[in-house]
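To start, the structure under review is shown below, and the notes come after it.
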Ligand SMILES: NC(=O)c1ccc[n+]([C@@H]2O[C@H](COP(=O)([O-])OP(=O)(O)OC[C@H]3O[C@@H](n4cnc5c(N)ncnc54)[C@H](O)[C@@H]3O)[C@@H](O)[C@H]2O)c1
């Protein structure tokens, strides 16, 4: 039997593969869960990405295997859950990590600028993947004596965001309602559901953003630092473990305090940074 905060548990991370450059939140979470003793199914549409994460976990001394499929497809989603149960004998943790990134040139900022094909794609990848995986995971978790479902939304699902537009924010916001619904309807099955809302992290997901925007994303945060995928991964360990046994139905921002500050406070940070850098102290 493995040791750690998740010893004896079986976990799935959707989009858990590594793109091979910057670290992703799915990749970091899969590594953190395995480090704490979970046996992890790294689910991804790209075999080489999934195998990179599996190799990293093996090198770390953990146990993991890849599942290859398109999480938007019902059949693949159901097979992913079966794979975890067949390989490891049950299912206790599901991390719905997938997120939709619209093409920069096609982003419309307002509701009237909405690009319909982007909206459909965001519904598929942000909302449908998590809903389908939860639907198929719940019976397997009941069989396993209960479980923890962790959805990954975004601060853009809590307040209108700067970069990714209406399709992204609206579908990420809907994940909060999926979280609440899962918690409410399946608490008696011993299943908890919570949501992580990442803020301004630097990760594979945001690796292509303009360096100036990257700097501004850091500066508006009260802590004045950038988040990393590990910040999400370690919260997922807590939410997946029995340490959080009485926490269900909540969304937790991982954002360095972004939502603690009113806009004028953030503006003050930005202006103070500019004064510091003009004086050569920034
Ligand atoms: N980085 C940030 O600043 C930030 C902020 C808020 C929220 N988020 C959220 O964090 C998550 C980012 O995840 P990541 O860093 O692991 O992303 P990522 O972009 O590195 O993607 C992870 C994997 O998903 C796989 N994938 C894509 N489509 C798939 C499909 N249909 N089926 C199965 N696998 C598929 C890819 O092959 C890739 O290996 C997203 O949900 C995003 O919305 C990030």
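Output the number of residues of segment 1-26 satisfying the condition of being within 15 Å of the ligand (Cβ to nearest atom) and in contact with a strand residue (DSSP E or B) (Cβ under 8 Å, 6 or more places away or on another chain).
We begin by selecting, within segment 1-26, every residue within 15 Å of the ligand (Cβ to nearest atom); these are 11-26.
Within this subset, residues satisfying the condition of being in contact with a strand residue (DSSP E or B) (Cβ under 8 Å, 6 or more places away or on another chain) are 11-17, 25-26.
Result for segment 1-26: 9.
Working carefully through the options 186, 200, find the one that is in contact with a strand residue (DSSP E or B) (Cβ under 8 Å, 6 or more places away or on another chain) and within 16 Å of the ligand (Cβ to nearest atom).
After ruling out the rest, the residue left standing is 200.
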Please note which helices (runs of 4 or more DSSP H) are completely contained in segment 168-282 and include at least 3 residues that are surrounded by fewer than 16 Cβ atoms within 10 Å (Cβ to Cβ).
211-219, 263-278
Determine, yes or no, whether residue 141 is outside any helix (DSSP H, G or I) and crowded, with 17+ Cβ neighbours inside 10 Å.
no
Name the pairs: first residue in segment 232-244 and closer than 16 Å to residue 203 by Cα, second residue part of a helix (DSSP H, G or I), Cβ to Cβ under 6 Å, at least 6 apart or on different chains?
232/25; 233/28; 233/29; 233/32; 234/32
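Please specify each residue of segment 82-103 satisfying the condition of being within 18 Å of the chain's Cα centre (by Cα), more than 12 Å from the ligand (Cβ to nearest atom) and closer than 22 Å to residue 171 by Cβ.
Listed by number, the list holds a single entry, 94.
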Say we look at segment 114-141 and pick out the residues that are in contact with a strand residue (DSSP E or B) (Cβ under 7 Å, 6 or more places away or on another chain) and away from the ligand (no atom under 14 Å from the Cβ); which of these is farthest from residue 75 (Cα to Cα)?
141
Members of segment 30-58 that are touching a helix residue (DSSP H, G or I) at 6+ places or on another chain (Cβ under 8 Å), within 13 Å of the ligand (Cβ to nearest atom) and within 22 Å of residue 86 (Cβ to Cβ)
30, 41, 42, 43, 44, 53
Look through segment 149-167, keep the residues that are touching a residue at least 60 places away in the same chain (Cβ under 8 Å) and either in a loop (DSSP other than H, G, I, E, B) or out of contact with any strand residue (DSSP E or B) (no Cβ under 8 Å at 6 or more places or on another chain) (or both), and return whichever of them is surrounded by the most Cβ atoms within 10 Å (Cβ to Cβ).
153
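All of the numbers you see were taken from the coordinates with simple rules; none came from a lab. Not measured: the values here are computed from a predicted model. Neighbour counts are summed over all protein chains in view; Cβ atoms, including those assigned to glycine, are modelled from backbone coordinates with ideal geometry.
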